[in-house]
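Written below as structure tokens is the structure these notes are about.
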Amino acid sequence: MKIRNYWNLRDFGANLWENAGRPVRVAIVLISIVLVGLLPFTGGSFLATPIASFDAVLVYPVGMFVLMSLGLNIVVGKSGMLDLGYVAFFAIGAYTMAILGTTTKLNTWEVMPIGIALSMIAGVLLGIPTLRLRGDYLAIVTLGFGEIVRLVLLNSSWSKGPNGIANVPMPPNIGPLKFELENQKVFFWVVMAMILLTIWMIRRLTVRRPGRAWEAIRQDEDAAELMGVPTLKYKIWSFTLGAAVGGAAGVLYASKNLYIAPEMFTLNVSILILACVVFGGIGNIWGVVIGATILGYLPDRIRFISDARLLVFGLVLVIVMNFRPDGLLPRKKREKAIVKKEANA
Amino acid sequence: MAKIGKTLLKLDNVTMKFGGVTALNGVNLEVKEGEILALIGPNGAGKTTVFNVITGVYKQTSGIVDFDGISLGNQKRYQVTALGVARTFQNIRLWGDMTALENVITATDVHKKSGLVGALFGFPRARREETENRERAMEILRFIGIDEYSDRLAKNLPYGVQRRLEIARALGTAPKLLLLDEPAAGFNPAEKVELAATIKKVRDAGYTVLLIEHDMSLIMGISDRVVVLDFGTKIADDIPSVVQNDPRVIEAYLGVPADAS
């Protein structure tokens with residue numbers, strides 16, 4: 001029994017955390033943040049990606065995937081609504097940055113709140129009519145929404161159609177930290193900060209009323225409503241917060257990539273982000289982080305086998321999902337009382 | 001014995017049709033404050049439909065549902081709960097992946113003002129309400145007598161405790177009227193006796209109870225009044241001892257004796 005506990009990483013981690021005092025917890029958090037922050041300096045090691053620059057890979061896809069997966073996890077994992085059009089919010093954020101960045105003097109940080117706000121508005125507008133639907137029906141409608149946004153961008157003159165928008169400005173420097181194409185460490189740190197902020201937000205909400213409401217909705221929506229949970233309101237909140245995270249990721253992406261076009265925002269991205277969530281463990285923040293990291297990093301790490309890499313990628317997905325159908329770190333609530341009793345026995 | 005007061009819930013000529021099927025046909029029903037009213041009838045008589053109409057799951061085809069002076073016709077389901085009607089389910093519908101305590105806390109949220117923004121930024125009111133809810137939920141678990149299970153996941157609880165947790169969760173919404181849908185289903189005689197005591201205790205604590213049940217000994221033991229439904233129509237409404245001997249009720253349950261004519 002004891003040995004098993006060590007193999008169960010989630011419980012092992014949770015035990016460590018629960019038994020630690022406040023100073024130890026703060027230390028764990030700070031050390032983890034510093035270690036992850038130092039990741040871009042490990043480019044010379046076995047971690048290095050053969051073709052793309054390691055810094056760049058850490059920002060996109062890895063960092064961005066983690067950020068978007070966390071956002072999608074609020075919708076899919078926390079409140080149990082299958083959203084196949086998540087890329088739409090990413091696109092809205094990115095195009096807000098691209099258009100405002102090229103036509104006005106606003107810089108990335110000033111566009112950020114606008115991009116987030118527009119994504120959230122899109123989330124509410126889509127949510128009010130569609131969140132009355134459930135399950136498969138909701139999935140189809142969101143899928144349609146994702147495609148509509150892409151097609152509008154592809155066919156409108158203000159978005160420059162299929163040509164996309166070039167010369168999106170980079171973010172202005174933050175003090176001594178310079179944003180450069182060749183050296184994307186600063187981008188990585190910004191993505192990291194956004195990820196930390198998102199994790200903070202989710203953790204806060206999860207243990208309080210909204211988290212309970214989402215959990216109740218996910219498990220039995222009718223029972224939730226009959227027990228007084230305003231389900232539509234909390235579903236829209238969930239959708240809107242997910243949209244906000246996606247929009248924020250989009251703004252930064254446009255500003256990092258300098259060029260965006262509609263072809264970057266296809267259904268594939270939505271599916272891939274969903275795969276990250278499922279692969280890591282629906283509903284579990286750390287599972288999602290790990291899942292997105294692996295799925296973002298792996299294709300670039302094995303780029304040396306060129307075309308076969310997608311085959312390997314698919315194989316990894318199939319094998320892992322076969323052995324861990326609930327994801328790498330599944331959501332499972334532990335029963336504190338029992339765990340303690342066993343520990344005493 | 002609690003004092004029986006004014007009318008709390010009134011169904012006036014309520015009809016509920018599903019296509020060509022009439023589930024309820026002009027049902028009149030009054031629940032008075034402080035009483036335990038049992039709603040009985042053979043399978044398919046429309047008992048659960050009455051609950052579903054009251055709680056807003058279905059909207060009645062015609063008739064009026066009046067709760068404490070407010071018409072429940074146009075209310076959303078969660079608003080009905082907020083007004084003070086809570087129910088349990090015939091087939092247990094707890095949130096299995098939440099602990100017993102969390103199940104009840106979620107129900108206590110209904111009367112709290114703080115929402116998502118307050119929770120996110122930790123406004124004082126949100127923090128205070130979290131503590132209040134937790135304490136009240138724990139109190140309710142203690143009241144129902146299942147506080148030792150507070151940290152267990154609902155799905156892992158023994159069946160009898162799950163049934164009781166359903167009652168606890170409904171009490172979490174601080175209802176004026178508690179609707180119990182077959183709370184003793186699947187219980188053995190000892191458990192039924194225990195449940196009867198619990199229901200009486202709930203009533204004595206000031207809640208009004210409307211109860212659907214099949215077990216006659218349970219009903220005869222605790223209810224102040226019994227309403228009998230058959231094919232969506234009310235056929236009896238009186239104190240238990242009278243209903244028990246009503247020939248129409250016996251007929252509804254057992255059928256007309258073969259040698260009747």
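Going by amide H atoms built from the backbone, whose H comes under 5 Å of the H on B:D230, apart from near neighbours?
Correct list: B:I235.
Only loop residues by DSSP count here, and only those with at most 16 other Cβ atoms within 10 Å; note down the trypsin sites (Lys or Arg not before Pro) in region A:154-240 that meet that.
Within region A:154-240, the qualifying trypsin sites (Lys or Arg not before Pro) (loop, at most 16 other Cβ atoms within 10 Å) are A:K178.
Scan region B:159-197 for trypsin sites (Lys or Arg not before Pro) in coil per DSSP, keeping those whose Cβ has at most 12 other Cβ atoms within 10 Å, and list them by number.
Of the trypsin sites (Lys or Arg not before Pro), not one in the loops of region B:159-197 has a Cβ with at most 12 other Cβ atoms within 10 Å.
Averaged over A:231-237, how many beta carbons belonging to a partner chain fall within 10 Å of each residue's beta carbon?
Shielding by partners across A:231-237 averages 2.
How many angstrom lie between the Cα centre of region B:61-95 and the Cα centre of region A:54-101?
For region B:61-95 versus region A:54-101, the Cα centre distance is 40 Å.
Tell me, what HN-Hα J-couplings in whole Hz come from the Karplus equation 6.51 cos²θ - 1.76 cosθ + 1.60 at θ = phi - 60° for each residue of region B:26-37, using x for Gly and Pro?
x, 7, 10, 8, 10, 10, 9, 3, x, 9, 10, 10
Fewest Cβ neighbours within 10 Å first, please rank B:T233, A:T104, B:T7 accordingly.
Arranged by neighbour count, lowest to highest, B:T233, A:T104, B:T7 become A:T104, B:T7, B:T233.
Looking at this model, which pairs from B:K32/B:K113; B:K6/B:K47; B:K112/B:K155; B:K10/B:K59; B:K6/B:K192 are more than 18 angstrom apart at the alpha-carbon?
Going by Cα-Cα distance, B:K32/B:K113; B:K6/B:K47; B:K112/B:K155; B:K6/B:K192 fall outside the 18 Å limit.
What are the equivalent ellipsoid semi-axes of chain B, built from the alpha-carbon gyration tensor (square roots of five times its eigenvalues), in whole angstrom, biggest first?
Numbers: eigenvalues 225, 93, 52 Å².
Output for chain B: semi-axes of 34, 22, 16 Å.
Of all DSSP beta bridges in the protein assembly as shown, what percent run antiparallel (nearest 5)?
Numbers: 23 of 39 bridges.
Counting DSSP beta bridges with both partners in the protein assembly as shown, the antiparallel share is about 60 percent.
Whole-Hz ³J(HN,Hα) for each residue in region B:140-151, computed from phi via Karplus 6.51 cos²θ - 1.76 cosθ + 1.60 with θ = phi - 60°, x for glycine and proline: what do you get?
Using θ = phi - 60°, the values come out as 5, 4, 5, 4, 7, x, 10, 5, 5, 9, 3, 8 Hz.
Which lysines, on any chain, are close to A:K178 with Cα under 20 Å apart, when same-chain ones fewer than 8 places away are left out?
In chain and number order, the partners are A:K105, A:K256.
For B:T61, enumerate residues with amide H under 5 Å from its amide H, sequence gap 5+ or separate chain, H modeled in the peptide plane.
Answer set, sorted by chain and number: B:T15, B:M16, B:K17.
Taking every eigenvalue of the Cα gyration tensor of region B:1-106, multiplying by 5 and rooting it, what semi-axes result, largest first, whole Å?
Here the semi-axes work out to 24, 19, 15 Å.
Anyone know which of A:A193, A:A261, A:A248 comes out most mobile in the 10 Å Cα GNM of chain A?
Fluctuation is largest for A:A193.
Would you mind computing, in nm to one decimal, how far apart the modelled labels at B:R142 and A:T104 are, each placed 7 Å from Cα along Cα→Cβ?
5.7 nm
Between A:E18, A:E180, A:E147, where does the largest GNM mean-square fluctuation fall for chain A, given springs only between Cα atoms within less than 10 Å?
Of the options given, A:E18 has the highest mean-square fluctuation.
When the Karplus curve 6.51 cos²θ - 1.76 cosθ + 1.60 is applied with θ = phi - 60°, which whole-Hz ³J(HN,Hα) does each residue of region B:162-171 get, with x for Gly and Pro?
So the J values, rounded to whole Hz, are 4, 4, 5, 5, 4, 5, 4, 5, 5, 5.
Taking 45 Å as R0, compute the FRET efficiency from the Cβ-Cβ separation of A:L310 and A:K332 and round it to 0.05.
For R0 = 45 Å, the calculated efficiency reads 0.90.
To the nearest 0.05, what FRET efficiency results for A:I114 and B:K17 with a Förster distance of 45 Å applied to their C-beta separation?
0.30
Considering only C-alpha atoms, what is the centroid distance from region B:171-191 to region A:111-168, in Å?
Region B:171-191 and region A:111-168 have Cα centres spaced 47 Å from each other.
What share of Cα pairs, in percent, lie more than 33 angstrom apart in chain A?
On the way: 17291 of 59340 pairs.
Considering chain A, 29 percent of its Cα-Cα pairs are separated by more than 33 Å.
Within region B:19-47, list the residues whose amide N lies under 11 Å from a label point set 7 Å along Cα→Cβ of B:T7.
Within reach of a label on B:T7, which here means backbone N under 11 Å from a point 7 Å along Cα→Cβ, region B:19-47 contributes B:28-32.
Measure of size requested: the Rg and Dmax of the protein assembly as shown, with Cα atoms as the atom set and Å as the unit; please supply both.
Gyration radius and largest Cα-Cα distance of the protein assembly as shown: 28.9, 103 Å.
Roughly how many nanometres apart are two label points built 7 Å out from the Cα toward the Cβ at B:E194 and B:K76?
Distance between label points: 3.9 nm.
Using a 10 Å cut-off around each Cβ of peptide B:109-115, what is the average number of partner chain Cβ atoms that fall inside?
For this peptide, the per-residue mean of nearby foreign Cβ atoms is 4.
Hey, got a sec? Which chymotrypsin sites (Phe, Trp or Tyr not before Pro) in region A:114-201 land in a DSSP loop and have at most 14 other Cβ atoms within 10 Å?
A:W158
Once amide H atoms are placed 1.01 Å from N in the peptide plane, what residues at a sequence separation of 5 or more from B:F89, or on another chain, have their amide H within under 5 Å of its amide H?
B:D181
So how far, in whole Å, is the C-alpha centre of region B:241-255 from the one of region B:1-40?
Going from one Cα centre to the other spans 19 Å.
Averaged over A:202-213, how many beta carbons belonging to a partner chain fall within 10 Å of each residue's beta carbon?
Per residue, the number of nearby Cβ atoms from other chains is 6 on average.
Only Cα pairs within less than 10 Å get springs; with that Gaussian network setup on chain A, which residue of A:R309, A:R22, A:R301 has the largest fluctuation?
Ranking A:R309, A:R22, A:R301 by mean-square fluctuation puts A:R22 first.
Just so you know, all these numbers are worked out from the coordinates, no wet-lab data involved. Being a predicted model, the structure only gives us computed values, none of them experimental. All Cβ positions, glycine included, derive from the backbone under ideal geometry; neighbour counts span all protein chains shown.
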